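Some notes on the structure that comes next.
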Amino acid sequence: MVQTNAHSLKRPEADLALLELLAAEYPNVDAAIAESARLAAVQTLPKGVVHIISDIHGEDKKLQHVINNASGTLRPLVESMFAKVMTQAEQEDFLKLTFYPAEVTRQVADTLTQPDEVRAYALRMLGPQLELLRYLVSNFSLRLATNVFPDEYRELLLEIMHAPSTERGPDFVSAMLDELVRRDRALHLIHLLGRLIRNLAVDELIIAGDLWDRGPRGDRVMDYLRLQPNVEFVWGNHDVLWLGAALGHEALLCNVLRISLRYRRLGQLDEGYSVPLTPLEHLARTVYADDPAEYFMPTSEGMRPSRVVARMQKAAAVMQFKLEGQVIERNPHWDLGHRRLLHRINHDAGTIEIDGQIYALRDTCFPTVDPANPYQLTAEETNCLSYLKQSFLSSQKLNEQMRFMVGHGSMYLKRDECLIFHGCVPVDHDGNFLPLKIDRRSLAGRELFEEIEKVVRRAVVYSDQVDLDFLWYLWSGPRSPLFGKDRIATLERDFVADKSTHRETKDAYFSLIHETEFCDKVLAEFGMDADGGLIVNGHVPVKVEAGESPLKRSGKAITIDGAFSEAYGDHGYTLLLEPDRIVLAQHSHFDSVEAAIRDGVDIVPKVQEIRAFDAPRCTRDTERGQRIGFRMEMLNQLIEAYQNNRLHERLVNLRK
């Protein structure tokens, strides 16, 4: 007879089928009761600290430092814990190690060549590292904390975490360290501890949209985020732009190329994603060879001649306008026919009609636009786009990053009292939620957000043209919650000098969030408590230098797009959800990793308290606490099923 681990069911019942899955983990009453007791205790622990950052826009090095220094919270913690036992210089050395453990330990390995020197350094750093680790671990359940311990060193770290003690004297640590030095692993342990401290300083990192564009390396932004132990994404319009390009949507692909060329951020394409720009450069050097492209000059210098990059950008832009015209024609229900502009150009007069008005064109060179069929690609453009599309579709790294972002992402999140989404909830001037048609259904508010999530995931799986076109609408459509403007005036900015045509009118949401009643309505729509709720958005940069406040007049909404990217202003915010308060950390310019390690350069943020709570919040007050509560209820049902003999126990070590 074959022996299995299956539980014997007296009779088939729906709830027992679910409980049997849980029983595989807790095979008897005692196991289930012990876990329920553990979870009850966990509910009393301080809630984990959540950090929310928005609109990174490719600033990989600055993001790395903000994550490494836990948005400025590790420095004051180290200073408060070690001020009496460390000099200022020693604190700075310890902070460098904590922020950049891999780089610092590599530098130490190059400098200290003798085992005794390595041992002395490791012993000097190990004590404060373990003390800081103990403090951070005390805020977590042991199971949750040890989940981020490196597998190979988990048992060792658990042994030494409470050394020295009465039972574990100096000899205990000394013996461990001697063996690690002998095996050339002492600095490796110091490195792992530094990374572990960093990981435990933040319970959850939430990115509230827009990882790519304008900054140098969106690919490295995502590389670093994938290394974090607990990260979630709330999608922004630039994220769905890159997702659509990765899935081969031609109009979105051309948008990605145009923006990358404008800001000369080509490294993320050719080096990061293995997308060579040779086909586009060939098109620019042949078809656009005599075009001055003076209004397409990149914002910075680089290896390619600026004039060539400008022509490449213009070539991508014209293909974009053609392809977007095709997308709009395929989707008449969006009512965007007025945004098809190429057929409104009078090539003889050098003018264009926009919203019924005639404007002069400042650039009248359109070598690939046929006035009789302006939205059709030429043979040269088709060939160029075919090569580029294949490169995007074949990029393994790009594909992996997009699947990670979608798999760990959503349109909105609820954390503590905060409702987090990137852009807006589309509304009219009276605050009524505006509908958007998806799959022949008109949806608004929360229902719209949740349906968009389904379409995004469906697009990744099936790449159906209708769903890919919808990604384009999410990027720049007027009722897209990720965009929130009546238009994206790219063609006007490129070709028309009259700045009145460049105006993009924001959704009424952005003015209404100053009103308490409207914020209460939005919070209620998403199932939040209106009394204590706080709406958290990115997308629209706060004009820090002009004195604009991120906290709206209602006191119930906050914008955390603090112009993180150097192209926008080089500031940036992190919203910190701590047990006893919500604070906003305003960041500043970051020089470089090299300067941080060499000179101790740090971003010490300005901190603004947004809310303070009468009593610190516990795990039971959070979404994690709700999930634990549901699990405890399931465990209670499992215990009752065992006790009532509806489900048979699997006894372990019965004789003991």
Cα pair count fraction exceeding 20 Å, expressed as % - region 309-441: 67 percent
On Cα atoms only, tilt of 379-394 relative to the major axis of the chain in degrees: 0 degrees
Length gained when the stretch residue 608-residue 442 is fully extended (0.36 nm per residue, less Cα-Cα span): 55.7 nm
Region 387-438: radius of gyration over Cα atoms, expressed as a fraction of 2.2 N^0.38 Å: 1.75
Inter-centroid distance (Cα atoms) of region 451-493 relative to region 216-284, Å: 16 Å
Relative pair counts by distance (%), Cα atoms of region 252-366, 5 Å bins: 2, 11, 18, 20, 19, 14, 10, 5, 1
Region 338-403: C-alpha pair distances exceeding 13 Å, %: 72 percent
Computed over region 398-503, Kirkwood Rh from alpha-carbon pairs, angstrom: 15.5 Å
Relative pair counts by distance (%), Cα atoms of the chain, 10 Å bins: 3, 13, 21, 22, 19, 13, 7, 2, 0, 0
Taking all pairs of distinct alpha-carbon atoms in region 415-471, Kirkwood radius in angstrom: 12.8 Å
Two-decimal Rg/Rh across region 35-159, once Rg and the Kirkwood Rh are taken from alpha-carbon atoms: 1.00
J(HN,Hα) series, region 87-104, from Karplus relation 6.51 cos²θ - 1.76 cosθ + 1.60, nearest Hz, glycine and proline x: 6, 4, 5, 5, 4, 5, 4, 5, 5, 4, 5, 5, 6, 9, x, 5, 5, 5
Acute angle (nearest 10 degrees) that the helix 445-462 long axis makes with the longest principal axis of the chain, alpha-carbon atoms: 90 degrees
Radius, Kirkwood style, for region 151-283 when every pair of distinct Cα atoms is counted (Å): 18.6 Å
Of all accessible heavy-atom area on the chain, the percent that carbon and sulfur account for (1.4 Å): 49 percent
Largest-first ellipsoid semi-axes for region 147-190, taking √(5λ) over the Cα gyration tensor eigenvalues, angstrom: 17, 15, 6
Dimensionless Rg over Rh [region 241-283; C-alpha; Kirkwood]: 0.93
Largest-first principal axis extents of the Cα set of region 123-225 (Å): 54, 31, 22
Along principal axes, Cα extents of region 548-617, largest first, whole Å: 42, 27, 13
Given charges at beta-carbon only (K, R positive; D, E negative), |dipole| of region 119-272 in Debye: 480 debye
Range in the chain, longest, excluding exposed GluC sites (Glu not before Pro) [loop by DSSP; at most 13 other beta-carbon atoms within 10 Å]: 302-547
Of 96/552; 414/485; 62/552; 314/543, pairs whose Cα-Cα distance is over 32 Å: 96/552
Whole-number D in µm²/s for region 507-583 (Stokes-Einstein; Kirkwood sum over Cα pairs; 10 °C, 1.306 mPa s): 119 µm²/s
Accessible surface, per residue, of the chain when the full set of protein chains is kept, probe 1.4 Å, Å²: 45 Å²
Angle between the chain longest axis and helix 623-643 axis [Cα atoms, degrees, rounded to 10]: 50 degrees
Filter on 84/556; 61/454; 47/606 - keep pairs with C-alpha separation over 30 Å: 84/556; 61/454
Low-density loop positions, trypsin sites (Lys or Arg not before Pro), region 342-412 - DSSP coil, at most 16 other Cβ in 10 Å: 362
The chain, dipole about Cα centre (Lys/Arg Cβ +1, Asp/Glu Cβ -1), debye to the nearest 20: 700 debye
Fraction of beta bridges assigned by DSSP in the chain that are antiparallel (%, nearest 5): 70 percent
Under-5 Å amide H pairs with residue 606, H placed in peptide plane, nonlocal only: 586
Lys/Arg +1, Asp/Glu -1 at C-beta; region 91-221 dipole; positive extreme among 193, 207, 135: 207
Region 518-656: radius of gyration over Cα atoms, expressed as a fraction of 2.2 N^0.38 Å: 1.64
Binned Cα-Cα distances of region 469-533, short to long, each 10 Å bin given as a whole percent: 20, 32, 29, 14, 5
Span per principal axis, largest first, for the Cα atoms of region 41-103 (Å): 39, 38, 19
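The values are calculated or read from the model by the stated rules, or taken from the named source; none is laboratory data. Quantities reported herein were computed from a predicted structural model and do not represent experimental measurements. A quick note on method: Cβ atoms are made from the backbone with ideal geometry, for glycine too, and the neighbour counts reach across all protein chains shown. Side chains included, ligands, DNA and RNA excluded: accessible areas come from the protein's heavy atoms. Shrake-Rupley method; radii C 1.70, N 1.55, O 1.52, S 1.80 Å.
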